[in-house]
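These notes concern the structure reproduced below.
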Amino acid sequence: MSDAVFNLDQTIQTRRSVRGFFSDRPVPPDVLHEALDLARWSPSNCNVQPWEVFIASGKTRDQLRDALKNAVLSGQAPDPTTPIDTFDGEHRRRQIACAVEMYGKMGIARDDSTGRLRAHLRNFEFFDAPHIAVVCMKKSFGIGVALDVGMWVQTLMLALWARGVGCCAQASLRLYPTIIKERLGIGDDLEILCGISFGYEDPSVPANQARQPREPLSAQIHFRD
Ligand SMILES: Cc1cc2nc3c(=O)[nH]c(=O)nc-3n(C[C@H](O)[C@H](O)[C@H](O)COP(=O)(O)O)c2cc1C
């Protein structure tokens, strides 16, 4: 196996979502720039490169975190502009297994509603990450283009991971687009698809012990010979 393949396989297999960061260890600008520069090479249909990304750090990130936390804690109604997916059947089973693994590692029982709210709130604290990327595309685009943006997200997360930087993609940030757009100066022509909290992992955070399995190929791929 060539070094390049080995490194790629290792990066893909070891990457996992990080939900606890050292808030006082920002990613050096050259490391971030390298990863962003690599992600530019993600493929997209007709090479339209539809991703538009806003990265908040420092005071801007702190103010956004405070605004989002206030919204959640004060019971402000979320105002998502696209439907939030709900799952049933096999997908619901996987969703529950994912939550059981994560809440289990965090020591939160199924009936612990305060603990669950606290875990939900961690999304809006960006898990203490020093940076939050908000990933957008034009509102007029559909699911085909969202697929392109997803490719960019994974490429960026792998490029960061290979440089020792952890990430957590966050659909939860789609819950409060008005607050995020206002704080980051995001135009109303854009749709927020997800956030990505990123920084250096704090291994002492219990949520970082979670490990999510994958279904076997037979459950996903349908060979037709
Ligand atoms: C598009 C997308 C949105 C996600 N949204 C959230 C989120 O809002 N909050 C969260 O804690 N994790 C979120 N995740 C992380 C998933 O839960 C995680 O990728 C999945 O459980 C597999 O675990 P792994 O990333 O550790 O392999 C998201 C992942 C993706 C790809």
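Lysine pairs in the chain whose alpha-carbon atoms fall under 30 angstrom of each other, counting only those eight or more residues apart or on distinct chains, come to 10.
Simple rule: put +1 on each Lys or Arg Cβ and -1 on each Asp or Glu Cβ in the chain, find the dipole, and look at Ala133, Phe21, Gln49; the Cα lying farthest toward the positive end is Phe21. Label separation (Leu38 vs Val5): 1.9 nm, computed from points 7 Å beyond Cα along the C-beta direction.
Residue exposure proxy: Tyr103, Tyr176, ordered by other Cβ atoms within 10 angstrom of their Cβ from fewest to most, comes out as Tyr103, Tyr176. By the Kirkwood approach, averaging reciprocal distances over each pair of separate Cα atoms, the chain gets a hydrodynamic radius of 18.8 Å. Put in order of Cβ neighbour count within 10 Å, fewest first, the listed residues Cys136, Cys167, Cys194, Cys46 become Cys46, Cys194, Cys136, Cys167.
Taken over segment 79-166, the percentage of Cα pairs per 5 Å bin, counting from 0 up to the bin with the maximum distance, is 3, 9, 12, 16, 22, 21, 11, 4, 0. In plain terms, the C-alpha convex hull of segment 127-225 casts an average shadow of 9.0 nm² when viewed from every direction. If you take the beta carbon distance between Glu101 and Asp189 as r and set R0 to 35 Å, what does 1/(1 + (r/R0)^6) give as a FRET efficiency, to the nearest 0.05? E between Glu101 and Asp189, to the nearest 0.05, is 0.35. Only the Cβ atoms of Lys and Arg (+1) and of Asp and Glu (-1) were treated as charged; on that basis the dipole of the chain about its Cα centre amounts to roughly 440 debye. For the pair Thr14 and His91, a Förster radius of 25 Å applied to the C-beta separation gives a FRET efficiency near 0.50, rounded to the nearest 0.05.
For segment 1-128, dividing the convex hull volume of the Cα atoms by the residue count gives 213 Å³ per residue. When each of Arg183, Arg118, Arg163 is scored by the number of other beta-carbon atoms lying within 10 Å, the sequence from fewest to most is Arg118, Arg163, Arg183. Between Ala109 and Ala77, the modelled label-to-label distance comes to 3.4 nm, taking each label 7 Å out from Cα in the direction of the beta carbon.
We did not get these values from a lab; they are worked out from the coordinates using the rules stated. As the structure is a computational prediction, the values presented were derived from the model and not from experiment. Virtual Cβ from ideal backbone geometry, glycine too; neighbours counted across all protein chains shown.
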